[in-house]
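Asker: Take a look at the following structure, please.
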Amino acid sequence: MFNQRRLRHTAVIIPVLNEEASLPLVLADIPSDIVDTIFVVDNGSTDRSAEVAREAGAIVVEEPRRGYGSACLAGIAAAGDDFDVLVFLDGDYSDHPEELALVVAPIFDGTADFVVGSRMLRKESRRALLPQSRFGNWLAAVLMRLLFGIRCSDLGPFRAITRDALRRLGMQDRDFGWTVEMQVRAKLAGLRVTEIPVSYRPRVGESKITGTLSGTLRASYKILKTIFWYRIRRPKLGTD
Ligand SMILES: Nc1nc2c(ncn2[C@@H]2O[C@H](COP(=O)(O)OP(=O)(O)OP(=O)(O)O)[C@@H](O)[C@H]2O)c(=O)[nH]1
Ligand SMILES: [Mg+2]
């Protein structure tokens with residue numbers, strides 16, 4: 001493992017909007033024997049998220065344009081060409097950063113280009129998802145199977161991808177459509193994609209999306225719109 005890590009430079013990208021309470025917990029659990037650099041993308045937080053990130057040794061990237069996708073795109077731009085593998089992780093401590101080695105393993109052993117951590121494969125993780133989130137992910141997975149032949153069980157935020165594969169995708173979405181866009185584009189680009197079960201727990205702090213009606217409706221609308229847009233348009237992506 002030590003030699004392999006030397007071969008691969010791995011960065012973590014954490015989109016953040018007002019997560020000062022959870023961020024120190026997330027950063028403390030990221031395995032430093034695998035990860036070279038942590039980019040915390042501050043999406044216009046009004047709390048001390050940026051300060052606590054810097055205090056914990058992360059590189060803070062400012063992205064004033066709101067939206068989960070915007071934050072991810074800014075993190076990718078900041079990482080540039082210096083990393084072979086990029087890992088995405090939420091900043092609310094609902095993911096388990098200590099499982100990062102499991103998420104990157106199929107990439108490190110050369111069997112996958114893109115790995116999605118699924119929260120739907122383990123009972124206790126599934127139970128930690130709010131019912132609307134469980135239903136939304138199930139419906140999205142059914143539609144992706146029917147419309148694209150994609151076998152997946154979740155649009156989980158905890159995921160890893162090689163820099164080269166990410167470049168081939170040409171990601172564009174700036175908010176809630178980011179996760180599903182990456183999985184659909186990965187299919188259209190012919191990436192080797194695999195899913196692994198990950199743990200999940202209720203977030204630290206106030207829910208912004210899945211725990212609110214407006215957040216759930218906005219996210220669901222954008223995810224469904226993204227799925228059907230790609231089914232109708234089927235853009236050609238570089239397959240090699
Ligand atoms: N809501 C929201 N989160 C953002 C934004 N930019 C970055 N984030 C971060 O993106 C990650 C995912 O957002 P969450 O609010 O956890 O979304 P969720 O997990 O679907 O729903 P909840 O955890 O219930 O709020 C978190 O680390 C947020 O801090 C943004 O514009 N809006
Ligand atoms: Mg969350």
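Asker: Given the conditions (1) within 16 Å of ligand 2 (Cβ to nearest atom); (2) β-branched (Val, Ile, Thr); (3) surrounded by 16 or more Cβ atoms within 10 Å (Cβ to Cβ), which single one is not true for residue 196?
Answerer: Going through (1) within 16 Å of ligand 2 (Cβ to nearest atom); (2) β-branched (Val, Ile, Thr); (3) surrounded by 16 or more Cβ atoms within 10 Å (Cβ to Cβ) one by one, residue 196 breaks only (1).
Asker: Just one of (1) at pLDDT below 95; (2) buried (at least 20 other Cβ atoms within 10 Å of the Cβ) trips up residue 64, so point out which.
Answerer: It fails just one condition, (2).
Asker: I'm told residue 161 meets every condition in (1) of a type in the set (A, V, I, L, M, F, W, C); (2) within 16 Å of ligand 1 (Cβ to nearest atom); (3) not in a helix (DSSP H, G or I) except one. Can you identify the failing condition by its number?
Answerer: Here residue 161 meets the rest and fails (2).
Asker: Being within 22 Å of residue 222 (Cα to Cα) and touching a strand residue (DSSP E or B) at 6+ places or on another chain (Cβ under 7 Å): is that true of residue 64 here?
Answerer: Spelling it out, it is not the case that residue 64 is within 22 Å of residue 222 (Cα to Cα) and touching a strand residue (DSSP E or B) at 6+ places or on another chain (Cβ under 7 Å).
Asker: Being acidic (Asp, Glu), free of Cβ contacts under 8 Å to residues at least 24 places away in the same chain and under 26 Å from residue 29 (Cβ atoms) narrows it down to one of 109, 154, so name that one.
Answerer: Every option except 109 fails the conditions.
Asker: Restricting to region 7-28, what's the tally of residues that are under 15 Å from residue 157 (Cβ atoms) and open to solvent by 10 Å² or more (accessible area, probe 1.4 Å)?
Answerer: Total satisfying the criteria: 3.
Asker: Which of the residues that make up region 203-240 are away from ligand 2 (no atom under 16 Å from the Cβ), among the β-branched types (Val, Ile, Thr) and open to solvent by less than 60 Å² (accessible area, probe 1.4 Å)?
Answerer: 226, 227
Asker: Take the conditions modelled with pLDDT of 95 or more and over 19 Å from residue 155 (Cα atoms) and apply them to residue 110. Does it pass?
Answerer: yes
The values are calculated or read from the model by the stated rules, or taken from the named source; none is laboratory data. All values derive from a computational prediction rather than experimental measurement. In this analysis, Cβ positions are derived from the backbone assuming ideal geometry, glycine residues included, and neighbour counts consider all displayed protein chains. To get the accessible areas, we keep the full protein, side chains included, count just its heavy atoms, and leave off ligands, DNA and RNA. Shrake-Rupley method; radii C 1.70, N 1.55, O 1.52, S 1.80 Å.
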